[in-house]
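Single-structure report; data block below.
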């Protein structure tokens, strides 16, 4: 199927795929993907869509097909290895994307074998042992923030008081960042993930974040501690400062923004589904499955995952030329009715299945176990400690992050009953 855009506005020059608004606007509710994805999914597994810049894109909505393509080496993650893509970028962005030092260590946009080296190094740091060691500290962080909320309440913005600082502090400890410096990256990260920030501002923020991380890398080289950045330096002394900066920035951004938005948006979803909230309160042992269900149901990777064909590829009968854009729509795939019974329902008792919230294949999220621990502890203690937890504003007044690469809420005003 071919879908042409009615909206002819120029590309902003951002480094994301310029999709028509109907593919980004959540028009049926705050928790559901854009309705166009469901309509297309009912018509077939892959769809040729015209982007705002006039280029075609192949949109995949089928769960099994998306899972297969995540692991297909013919689809590359290095979008900026494409001359076609680079030629459409503003000159300063193009210069950045072709600068080996600027891109060093940013393995999420690399393909094997370059990606393999970094992946292997990071896998050695995200060990089960380290996650187990972190769990008691995560429990203390959650408890401390809930203590502070309760002491100041009832009433709080759950994002600022809990959902954002908890994973921020965890990733700070993991990387060896002083928590007092968290403001140095939180504001910049939030701006970098916006879809409407001018290119010049993106470049400035990225440079500031690199400068901040360069100072951290130099301090860890001089005085290593028991953290992941020091561990990487010890594991591979050949890693350059630029590589370490790229790795650390990627982990810093991915390590707090995603979990923070899952904690806040997940709480909002539970509050708007009181039967599911009650089921969790009545049986806290459901929390493990509930975390997986929230990951599937919410799919906070707002647009999906972009791949570029490295050669001509046939996808479900569609011949896709080399150097073409393929968008694996995680929100659509995780609501595929061929994969899930009643996919648009939030069901915390749903049997665990293979969702794609963390991707699949060689690029599957390295920090997924850490995220699961943070969400499990966070949701468990939030519901246990705050009886009568509820929204403090009408649901329609909760500001949604439809303007961000990572979906969620900008704020979540809540209140609760005093014990």
Regarding the chain, what whole-number volume in Å³ per residue does the convex hull of its Cα atoms give? 135 Å³
So what is the calculated 222 nm ellipticity per residue for the chain, using -39500 (n - 2.57) for each DSSP H run with n of 4 or more, over all residues, to the nearest 500 deg cm²/dmol? -14500 deg cm²/dmol
Within the range 356-382: backbone nitrogen closer than 17 Å to the residue 286 label point (7 Å, Cα to C-beta): 376-377, 379-382
Cβ density ranking, 10 Å radius, fewest first, applied to 58, 416 yields 416, 58
Along the three principal axes, how long is the range 65-147 when you take its alpha carbons, biggest first, rounded to the nearest angstrom? 52, 31, 27
Only residues of the range 374-402 count here: report those whose backbone N is under 16 Å from the spot 7 Å along Cα→Cβ of residue 272, or say none. 390-402
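I'd like the FRET efficiency for residue 187 and residue 84, computed as 1/(1 + (r/R0)^6) with the beta carbon distance as r and R0 of 41 Å, rounded to 0.05.
0.75
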Burial ranking of peptide ranges 26-36, 107-117, 393-403 (average Cβ count within 10 Å, highest at the top): 26-36, 107-117, 393-403
Gain on full stretching of the segment that runs from residue 397 to residue 55 - 0.36 nm per residue minus C-alpha separation: 119.5 nm
Over all distinct Cα pairs, what is the inverse of the mean 1/r for the range 83-238, reported as the Kirkwood hydrodynamic radius in Å? 18.2 Å
Over 5 Å intervals from 0, what percent of Cα-Cα pairs in the range 121-189 sits in each interval? 3, 14, 22, 22, 18, 13, 4, 2, 1
Fewest first, what order do 297, 407, 340 take by the number of other Cβ atoms within 10 Å? 340, 407, 297
Suppose each label sits 7 Å from its Cα in the direction of the beta carbon; what would the residue 72-residue 152 distance come out to in nanometres? 4.9 nm
Would you mind checking the radius of gyration and Dmax of the range 331-378 based on alpha-carbon positions, in Å? 12.3, 32
Order by neighbour count: 91, 374, fewest other Cβ atoms within 10 Å first, most last. 91, 374
Extension gain (nm, one decimal) between residue 207 and residue 233, 0.36 nm per residue minus Cα-Cα: 7.1 nm
Residue span residue 241 to residue 314: 0.36 nm per residue of separation minus Cα-Cα distance leaves a gain in nm of 22.2 nm
At residue 221 and residue 349, where each label point lies 7 Å from the Cα along Cα→Cβ, what is the point-to-point distance in nanometres? 5.8 nm
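Per residue and in cubic angstrom, what volume does the convex hull of the Cα atoms of the range 328-418 have?
In the range 328-418, the Cα convex hull volume per residue is 149 Å³.
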Would you mind checking the radius of gyration and Dmax of the range 196-252 based on alpha-carbon positions, in Å? 12.8, 40
Under Stokes-Einstein, the range 263-395 at 20 °C and 1.002 mPa s, with its Kirkwood radius over C-alpha pairs, diffuses with a coefficient in µm²/s of 129 µm²/s
At 7 Å along the Cα-to-beta-carbon direction for both residue 117 and residue 140, put a label point, then send me their distance in nm to one decimal. 3.8 nm
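No value in this document is a laboratory result; all are computed from the given coordinates. Values in this document were obtained by computation on a predicted structure and should not be read as measured data. All Cβ positions, even for glycine, are placed from backbone atoms using ideal geometry, and neighbour counts span all protein chains on display.
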